[in-house]
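Working notes, beginning with the structure itself.
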Amino acid sequence: MTAPSRSTRPTQRRTTGPTGRRHPPRKRWGLRTSTVAAALLLGASGVGHAMVTGVETRIGRVDAFRGMPTDERPGGGSGLNFLVVGTDGRDNLTKDEKRTYHLGGAPCHCTDTLMLVHLSAERDRASIVSLPRDSYAEVPDHEDAASGRRHRKHAVKLNAAYAEGGPNLTVRTVEHMTGVHIDHYLEVDFTSFMRSVDAVGGVEICTPRPLRDSFTGLDLPAGKTLLGGGQALQYVRSRHIDASADLGRMHRQQRFLASLIHKITSSGVLMNPIRFKDVAETMLDSVRADSGFEANDLVDLGQAMRGFTPSSSEFVSVPLAKDNLRLPGGGEAVRWDPVASRQLFQAIRDDQPIARHPAKDGKRPRSTVVDVAPSEIRVHVDNGSARPGLGDTVAKALRATGFVSAGVPGVAAHGAASHTVIDYDPRWNRSARSLAAALPGAQLRPMLGRGPVLQVTVGDDFKAVTPVKAEQQPPAPGSVGAITGDEAVCP
């Protein structure tokens, strides 16, 4: 990218991507509070630029766009697009770290995580799209990075593109699959990830149930936990927690990133040029980037994120079709939903939001995250209170937050009830706890042989139904299923 203009009219500054593509003028962020704050931030950004220019030399470089003719790449749109990949490099970890965090064995030299990150033209929104590593992909004609042999176009899992042709083939493959022009390439390995989390003082995550994975050594209790670098790596790598496998892992990665962005933007890192330099040095020490990613970009990103709130970020995994596709050499790969994925990437190209954002002058009711999706829980409601019609009101409110009604609400057979009670079969205890989150203060009463339908008897103490949703909520019909950062971070 070109260096920042020295002009006194910063809104006229323009930049170019690695292909010479022009980007719209960028706003300066964080200058919205007062004249004094504006002066301080401008001073900080000047010092920050001088500091980060030195940090830039620590970045490992890779020619991710080598030999990619402009006329063969997708056309550019507004905003800036990054392809961020996580590899399994672990060369700089100690023996103790490898043992503690289950990182033994040889690395596969493939991409463990792939994300497309779109920064809006107004620099007020970041859209993060998780690309499943097991996606069915067709890599274009290319030269093998190791042997120099030419290979024709063929089908593989997406993460194999890196093993066959490194960053260059990965960028070409993703651009072909998404139709989105990639402006910058960033590559992070296990070491840089762990050190970066420690540099910001750890990241807080929340989980509605305990999480355990013997493959990574993850062992977290329900509730809030402050993760250091090693635990954070276990959290984002775990894919053997339940049947959701890689899909569940991507959801956890998104929640972690939302919390990391919140930590960085709320902890003062971006307002303190010295601390910003320290964190940037740690983060970039093991990062590889394309040759066009310069110190100017770091300063621009830092300035943009000063104006961020949790709802400024939005997260989604590429919508998948129900059926997988067979690979020529054996095995299966997941297939992207042709309609929903096209809708998603068109929104990225058009620089449009992919999630529903709260109004700028109001707050959206926050949903409590639960273990079981409300759409999987059947509920029958009876009114045991002295308020006529309350059973119908509660049943309607439960349906509004996603629960499934089982029968018409009735009147409690045992007369007036002072407390709201949930009767449930112990085999459906996870569903009962999820329902109880929607009815704060309700008493849980196990009842053998009751079956899958949960019984709610509304008592005089009932106040309101709290909106709930599962950590891995199925997308609504016609939606790509994106969430905003304020829905992902801890309350």
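The values are calculated or read from the model by the stated rules, or taken from the named source; none is laboratory data. Every value quoted in this text rests on a predicted model; they were computed, and no experiment measured them. Because the Cβ atoms are built from the backbone with ideal geometry, glycine has one as well, and the counts that use them run over all protein chains shown. The protein model used for the area step is the full one, side chains on, heavy atoms only, and it has no ligands, DNA or RNA in it. Shrake-Rupley method; radii C 1.70, N 1.55, O 1.52, S 1.80 Å.
For the subset of the range 379-399 comprising residues that are charged (D, E, K, R) and surrounded by fewer than 17 Cβ atoms within 10 Å (Cβ to Cβ), which member is nearest to Val453 (Cα to Cα)?
Restricting attention to the range 379-399, the residues satisfying the condition of being charged (D, E, K, R) are 382, 387, 392, 396, 399.
Pick out the ones that are also surrounded by fewer than 17 Cβ atoms within 10 Å (Cβ to Cβ) and you get 387, 392, 396, 399.
Working: Arg387: 24, Asp392: 17, Lys396: 17, Arg399: 14 Å.
Per the criteria, the residue is Arg399.
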Query - Val369 vs. criteria closer than 26 Å to Gly248 by Cβ, open to solvent by 40 Å² or more (accessible area, probe 1.4 Å), of a type in the set (Val, Ile, Thr) and assigned to a strand (DSSP E or B) - result: yes
Report task. Could you please find all residues in the range 397-406 being assigned to a loop (DSSP other than H, G, I, E, B) and not small (Gly, Ala, Ser)? Result -> Thr401, Phe403
Report task. Please enumerate the residues belonging to the range 410-426 that are free of Cβ contacts under 8 Å to residues at least 40 places away in the same chain and closer than 18 Å to Lys463 by Cβ. Result -> Val421, Ile422
Query raised in the report: What residue, of Asp112, Asp124, is modelled with pLDDT of 85 or more and in contact with a Gly (Cβ under 8 Å, 6 or more places away or on another chain)?
Result: Asp124
Query raised in the report: Among the numbered criteria (1) in contact with a Phe, Trp or Tyr (Cβ under 9 Å, 6 or more places away or on another chain); (2) of a type outside the set (Ser, Thr, Tyr); (3) crowded, with 16+ Cβ neighbours inside 10 Å, which single criterion is violated by Val316?
Result: (1)
Report summary line: Scanning the range 470-491 residue by residue, those out of contact with any Lys or Arg (no Cβ under 9 Å at 6 or more places or on another chain), at pLDDT below 70 and over 12 Å from Ala373 (Cα atoms) turn out to be Ala476, Pro477, Gly478
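Within the range 283-296, track down each residue that is assigned to a helix (DSSP H, G or I) and surrounded by fewer than 20 Cβ atoms within 10 Å (Cβ to Cβ). Even if it seems obvious, please write down each step before you answer.
Within the range 283-296, the subset assigned to a helix (DSSP H, G or I) is 283-284, 295-296.
If the condition is that a residue be assigned to a helix (DSSP H, G or I) and surrounded by fewer than 20 Cβ atoms within 10 Å (Cβ to Cβ), then Asn296 is the only one that fits.
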Query raised in the report: Out of curiosity, is Val139 within 24 Å of Phe315 (Cα to Cα), among the hydrophobic types (A, V, I, L, M, F, W, C) and crowded, with 20+ Cβ neighbours inside 10 Å?
Result: no
**Report entry** Of all residues in the range 147-188 being among the acidic types (Asp, Glu) and not in a helix (DSSP H, G or I), the one that is surrounded by the fewest Cβ atoms within 10 Å (Cβ to Cβ)
**Finding:** Glu187
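Okay, residues lined up against (1) part of a loop (DSSP other than H, G, I, E, B); (2) small (Gly, Ala, Ser):
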| residue | (1), (2) |
| --- | --- |
| Val408 | yes, no |
| His414 | yes, no |
| Arg430 | no, no |
| Ser434 | no, yes |
| Ala437 | no, yes |
| Leu444 | no, no |
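Here's the yes/no breakdown for (1) in contact (Cβ under 8 Å) with a residue 24 or more places away in the chain; (2) under 25 Å from Gly75 (Cα atoms); (3) basic (Lys, Arg):
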| position | (1), (2), (3) |
| --- | --- |
| Arg152 | no, yes, yes |
| Leu158 | yes, yes, no |
| Asn168 | yes, yes, no |
| Val188 | yes, no, no |
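Take Arg326 and decide whether it is open to solvent by 30 Å² or more (accessible area, probe 1.4 Å), charged (D, E, K, R) and under 22 Å from Pro491 (Cβ atoms). Walk me through it before giving the result.
Numbers: open to solvent by 30 Å² or more (accessible area, probe 1.4 Å): yes; charged (D, E, K, R): yes; under 22 Å from Pro491 (Cβ atoms): no.
Against the criterion (open to solvent by 30 Å² or more (accessible area, probe 1.4 Å), charged (D, E, K, R) and under 22 Å from Pro491 (Cβ atoms)), Arg326 does not qualify.
Out of everything in the range 429-445 that is open to solvent by 80 Å² or more (accessible area, probe 1.4 Å) and of a type outside the set (Lys, Arg), what residue ends up being farthest from Ala397 (Cα to Cα)? Before you say what the answer is, go through the steps one by one.
Step one: filter the range 429-445 for residues open to solvent by 80 Å² or more (accessible area, probe 1.4 Å), giving 430, 433, 440, 443, 445.
The next check asks that each one be of a type outside the set (Lys, Arg); those that pass are 440, 443.
On the way: Pro440: 14, Gln443: 19 Å.
Selected residue: Gln443.
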Requested in this report: Return the residue satisfying two criteria in turn: it lies in the range 70-88 and is open to solvent by less than 20 Å² (accessible area, probe 1.4 Å) and small (Gly, Ala, Ser), and of such residues it is modelled with the highest pLDDT.
Outcome: Gly79
Query raised in the report: Name the pairs: first residue in the range 117-146 and without any contact (Cβ under 8 Å) to a residue 40 or more places away in the chain, second residue aromatic (Phe, Trp, Tyr) and surrounded by 18 or more Cβ atoms within 10 Å (Cβ to Cβ), Cβ to Cβ under 8 Å, at least 6 apart or on different chains?
Result: Val117/Phe82
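Can you confirm whether Arg195 is crowded, with 23+ Cβ neighbours inside 10 Å and of a type outside the set (S, T, N, Q)? So that I can check it myself, show each step before the final result.
Values: crowded, with 23+ Cβ neighbours inside 10 Å: no; of a type outside the set (S, T, N, Q): yes.
Spelling it out, it is not the case that Arg195 is crowded, with 23+ Cβ neighbours inside 10 Å and of a type outside the set (S, T, N, Q).
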Report task. For the range 338-353, indicate whether the set of residues that are open to solvent by less than 50 Å² (accessible area, probe 1.4 Å), in a helix (DSSP H, G or I), in contact with a Ser or Thr (Cβ under 9 Å, 6 or more places away or on another chain) and among the aromatic types (Phe, Trp, Tyr) is non-empty. Result -> yes
